[in-house]
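These notes are about the structure you will find just below.
The values are calculated or read from the model by the stated rules, or taken from the named source; none is laboratory data. Nothing here was measured: the structure is a model prediction, and the numbers come from that model. Quick reminder, even Gly has a Cβ in these numbers, built from the backbone with ideal geometry, and neighbours come from all protein chains shown.
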Amino acid sequence: MNVNQEDKLAYIIAVVNEFAAAFSLNSQQAYRYLNRFKGIDFVDRFYNVEHTQSFEDVVEDLAVFCRKNGGMLA
């Protein structure tokens, strides 16, 4: 399946904003955290599955994934 890159980018931005809201961060802090602990790569790689889930589930997936990569947000 050919993924529209603009749609994927818009989705990643929305996920960063949802992650920021869930952990009381600003968007820049959330992006840096997700980038540092490979969360952005995770969403990019698994976009086909993640975009079919609720933002709440995706944020939880990211939190777990980032913790496994050394992140400390709970």
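Residue count for segment 20-46 satisfying the condition of being within 21 Å of Gln5 (Cα to Cα) and within 10 Å of the chain's Cα centre (by Cα): 10. Is there a residue being within 18 Å of Ile13 (Cβ to Cβ), out of contact with any helix residue (DSSP H, G or I) (no Cβ under 9 Å at 6 or more places or on another chain), among the polar types (S, T, N, Q) and loosely packed, with under 12 Cβ neighbours inside 10 Å anywhere in segment 31-48? Yes - at least one qualifying residue is present in segment 31-48. Take Gln5 and tell me if it is over 9 Å from the mean Cα position of the chain (by Cα) and modelled with pLDDT under 95. Against the criterion (over 9 Å from the mean Cα position of the chain (by Cα) and modelled with pLDDT under 95), Gln5 qualifies.
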